[in-house]
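Everything on this sheet refers to the single structure shown next.
The values are calculated or read from the model by the stated rules, or taken from the named source; none is laboratory data. Not measured: the values here are computed from a predicted model. Methodologically, a virtual Cβ is constructed for each residue, glycine included, from the backbone with ideal geometry; neighbour enumeration extends over all protein chains shown. Surface accessibility is based on the protein's heavy atoms, side chains included, excluding ligands, DNA and RNA. Shrake-Rupley method; radii C 1.70, N 1.55, O 1.52, S 1.80 Å.
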Amino acid sequence: MKRLLTSVLCGLVTLNVAVQAAHDEAGRPKLVVGIVVDQLRTDYIEYLQSYFNERGFKRLMNDGAYMRDVDFKAKGLDAVSATAMLYTGAYPSTTGVASADLYDPATKKVKPVLSDPKTLGNFTNDSYSPENIRLSTLADEVAMDGLGLSAVYSFSADPQVAIVMAGHAGTGACWINPNTGNWATTTYYKNLPTPVSTRNYSSSLASRLDTMQWKPSIPIDKFPGLPEQKRIYPFRHLFQRNDKEVYDRFIASPMGNAEVTDVAIECLRQLKIGSNSNAVDMLNVGYTLAPYRYVTDGDFRPELTDAYLRLDGQLGRLFDAIDKYVGKENAVIWLSSTGYYDDAVIEDKKYRLPGGEFSMKRAKSLLNSYLSARHGNADYVGAFRDNHLYLDHKVLEDKNLNVQDVVADARSFLTKMSGVLDAFTFYDILSPSTPEEEQLRLSLDPKTGGDIYVSFNPGWTIVNDIDYPAVTKSVRETPVLTPAFIMADGVAPKRIDSTVDATAIAPTVSSILRIRSPNGAVSKPILF
């Protein structure tokens with residue numbers, strides 16, 4: 001009798017474990033979808049909410065966890081560095097991707113941060129790989145969880161955004177070649193997926209450009225919040241093949257977002273992403289809502305409003321395709337902004353705003369003269385790129401100078417220059433004593449950053465006239481709320497008004513998927 005009772009209890013335990021395992025397996029998603037929208041703003045999606053359909057932004061807001069204020073904390077973000085933050089759960093100081101471009105002191109040239117001469121381009125002459133990303137990514141963890149059986153693809157107009165999204169272990173990363181309009185990839189991921197390659201041959205962007213134009217998707221007088229003078233002449237942008245910047249214009253427009261959606265949906269359908277019975281697959285999509293720089297008057301509000309309305313439609317198309325081919329109950333969808341907004345333009349002088357022009361060439365020359373007077377004649381400044389000033393350490397070594405002394409002298413001189421707000425040495429940044437220094441510590445990569453980080457006064461125009469042709473950039477601080485969403489079975493719809501750290505997104509998605517967080521993630525998962 002005792003043995004019988006023991007057998008029955010053991011049988012019940014075994015049955016319970018089997019039932020629980022079956023339940024866990026049935027509840028495991030088949031697809032995780034990561035969407036990054038460069039410069040997406042919370043105020044815009046809430047202001048335009050009544051203009052959206054039910055299947056795009058509204059679906060995210062109503063059916064998912066809606067985080068209104070995602071704080072990236074880092075300074076000087078761009079689409080590439082912010083995407084790396086989202087996918088690694090770490091700050092730019094440790095991801096290896098502190099900015100889209102990297103200055104190489106050895107060659108004294110600027111190059112894309114993910115450029116890799118060991119690889120070849122496919123439908124492009126550019127070569128990229130994820131090798132400079134120092135941490136594992138969310139895509140890597142999905143791939144490792146699937147023991148190499150997971151399909152992990154990414155699609156974006158920007159090559160480096162696509163590569164960050166696909167990670168080291170991804171199946172494929174695809175982007176739009178800005179010189180030809182073809183979809184491209186890198187031999188790191190082997191071949192271009194068949195649906196994408198077919199599109200290049202049978203329906204190339206070059207063959208369709210002349211038929212495209214961008215004008216308001218609804219009557220311009222229905223656009224909210226525009227001054228009357230902006231309603232008189234609706235905008236109209238053409239994409240003419242004889243324009244040298246035609247593909248850049250296209251990629252920056254809502255038509256570029258539509259092209260990305262088309263390819264993502266076609267690959268979802270043909271490659272059967274999300275239909276894997278053995279592992280979770282991943283689909284990553286990169287969009288842009290950056291202000292359209294090709295407006296004639298510097299006021300891009302009408303174009304930006306229309307870009308939001310059109311992206312809402314693209315999200316609806318993508319979500320409908322996921323529902324059709326995978327099933328919404330089988331998908332985890334997350335979407336995030338990149339945490340910054342760059343609306344800086346060179347203001348018309350007739351408005352007499354305070355400011356001026358800061359010439360990098362002149363600053364470099366004056367600083368060299370000052371350091372020569374203090375330490376002996378030499379060319380001390382190796383480069384001045386963006387906000388980073390690099391000293392030539394070989395010169396300092398040859399002259400047997402103390403690096404910290406020369407850096408301190410250079411900082412003291414720079415802070416006295418017109419247009420300079422402040423200057424921070426890397427020694428200060430690595431041992432921060434102020435909130436601004438702490439922000440820079442999270443933002444800058446000590447392995448690739450300059451000896452001094454220079455911040456400039458808002459309203460000033462920075463002129464990089466060291467190179468030809470000169471490039472100008474206006475300085476403007478634009479703090480905005482930026483959102484993120486997570487939509488999945490088991491995540492109750494909720495609006496979160498409190499601030500959420502951007503580094504918590506990847507660990508939270510990992511927790512929902514029941515997989516490990518990326519190996520450098522610094523935040524705990526969000527509890528909904």
Problem - Over the chain, relative contact order from alpha-carbon pairs under 8 Å, at least 6 apart, % - result: 27 percent
Handout entry: 13 Å beta-carbon shell around Leu205, net charge (K/R +1, D/E -1)
Key = 0
Exercise for the section: May I ask for the percentage of alpha-carbon pairs in the range 357-475 that lie more than 21 Å from each other? Expected result: 37 percent
Practice task
Provide, as a two-decimal number, the C-alpha radius of gyration of the range 269-381 over 2.2 N^0.38 Å, N being how many residues it has.
Solution key: 1.90
Exercise for the section: Would you work out what percent of the accessible area of the range 167-301, with all protein chains in place, is carbon or sulfur (probe 1.4 Å)? Expected result: 47 percent
Exercise for the section: Assuming R0 = 22 Å, can you tell me the calculated FRET efficiency for the pair Leu149 and Thr198, based on Cβ-Cβ distance, to the nearest 0.05? Expected result: 0.35
Problem - About the Cα centre, charge dipole magnitude for the chain (Lys/Arg +1, Asp/Glu -1 at Cβ), debye - result: 800 debye
Completion exercise
DSSP beta bridges in the chain: the antiparallel percent, rounded to 5, is 50 percent
Problem - Karplus 3J(HN,Hα) series, Hz, for the range 333-339 with 6.51 cos²θ - 1.76 cosθ + 1.60 (x for Gly, Pro) - result: 10, 10, 9, 9, 6, 9, x
Exercise for the section: Hey, can you grab everything whose amide H is under 5 Å from the amide H of Trp460? Only 5+ residues off in sequence or another chain; H modelled, so Pro and N-termini drop out. Expected result: Gly356, Val475
Practice task
Please give the calculated 222 nm ellipticity per residue for the chain, where each DSSP H segment of at least 4 residues contributes -39500 (n - 2.57) and the sum is spread over every residue; nearest 500 deg cm²/dmol?
Solution key: -10500 deg cm²/dmol
Handout entry: Gyration tensor (alpha-carbon) shape descriptor, the range 95-152, a/c threshold 1.5
Key = oblate
Exercise for the section: Normalising by the residue count of the range 12-168, find the relative contact order in percent from Cα pairs under 8 Å and 6+ residues apart. Expected result: 16 percent
Practice task
Determine the per residue accessible area of the chain with all protein chains present and a 1.4 angstrom probe, expressed in square angstrom.
Solution key: 47 Å²
Practice task
With only alpha-carbon atoms counted, please give the Rg and Dmax of the range 29-84, in Å.
Solution key: 13.3, 36
Exercise for the section: Just name one of Leu391, Val420, Ile526: the one whose Cα is farthest towards the positive end of the charge dipole of the range 386-528 (beta-carbon charges, Lys/Arg +1, Asp/Glu -1). Expected result: Ile526
Problem - Partner lysines for Lys222 [C-alpha distance under 27 Å; skip if fewer than 8 residues away on the same chain] - result: Lys58, Lys230
Practice task
Starting from 0 in steps of 5 Å, tell me what percent of the Cα-Cα pairs of the range 329-403 lands in each bin.
Solution key: 3, 10, 16, 13, 10, 9, 8, 9, 8, 5, 4, 3, 2, 1, 0
Completion exercise
Percent of all alpha-carbon pairs of the range 393-452 at distances over 14 Å, whole number, is 60 percent
Exercise for the section: Would you be so kind as to identify which of Gln404, Ser275, Tyr91 lies farthest towards the positive end of the dipole of the chain, taking Lys and Arg as +1 and Asp and Glu as -1 on Cβ and the Cα centre as origin? Expected result: Ser275
Handout entry: Too-long pairs where the Cα-Cα distance tops 24 Å, listed order kept, from Lys244/Lys473; Lys73/Lys447; Lys364/Lys473; Lys73/Lys190; Lys73/Lys109; Lys215/Lys328
Key = Lys73/Lys190; Lys73/Lys109; Lys215/Lys328
Completion exercise
Neighbours of Asn276 by Cβ distance under 13 Å: Lys/Arg at +1, Asp/Glu at -1, summed charge +1
Handout entry: Orientation-averaged projected area, Cα convex hull of the range 26-157 (nm²)
Key = 11.6 nm²
Handout entry: Within the range 237-323, GluC sites (Glu not before Pro) in DSSP loop having at most 16 other beta-carbon neighbours inside 10 Å
Key = Glu245
Problem - Loop trypsin sites (Lys or Arg not before Pro), the range 331-404, which have at most 14 other Cβ atoms in a 10 Å radius of their Cβ (DSSP) - result: Arg352, Lys399
Problem - Rounded to whole Hz, the Karplus (6.51, -1.76, 1.60) HN-Hα couplings of the range 111-126, x for glycine and proline - result: 9, x, 4, 9, 5, 8, x, 6, 10, 10, x, 10, 6, 7, 8, 7
Fill in the blank from the handout: Hydrodynamic calc, the chain: Kirkwood Rh from Cα pairs, then Stokes-Einstein at 25 °C with viscosity 0.890 mPa s, so D in µm² s⁻¹ is 98 µm²/s
Completion exercise
Taking N as the number of residues in the range 196-281, the ratio of its alpha carbon radius of gyration to 2.2 N^0.38 Å works out to 1.50
Practice task
Select from Ser156, Ile133, Ala143 the residue farthest towards the positive end of the dipole of the range 100-168; place +1 on Cβ of Lys and Arg, -1 on Cβ of Asp and Glu, and compute about the Cα centre.
Solution key: Ile133
Handout entry: Filtered trypsin sites (Lys or Arg not before Pro), the range 38-100: DSSP coil and at most 10 other beta carbons within 10 Å
Key = none
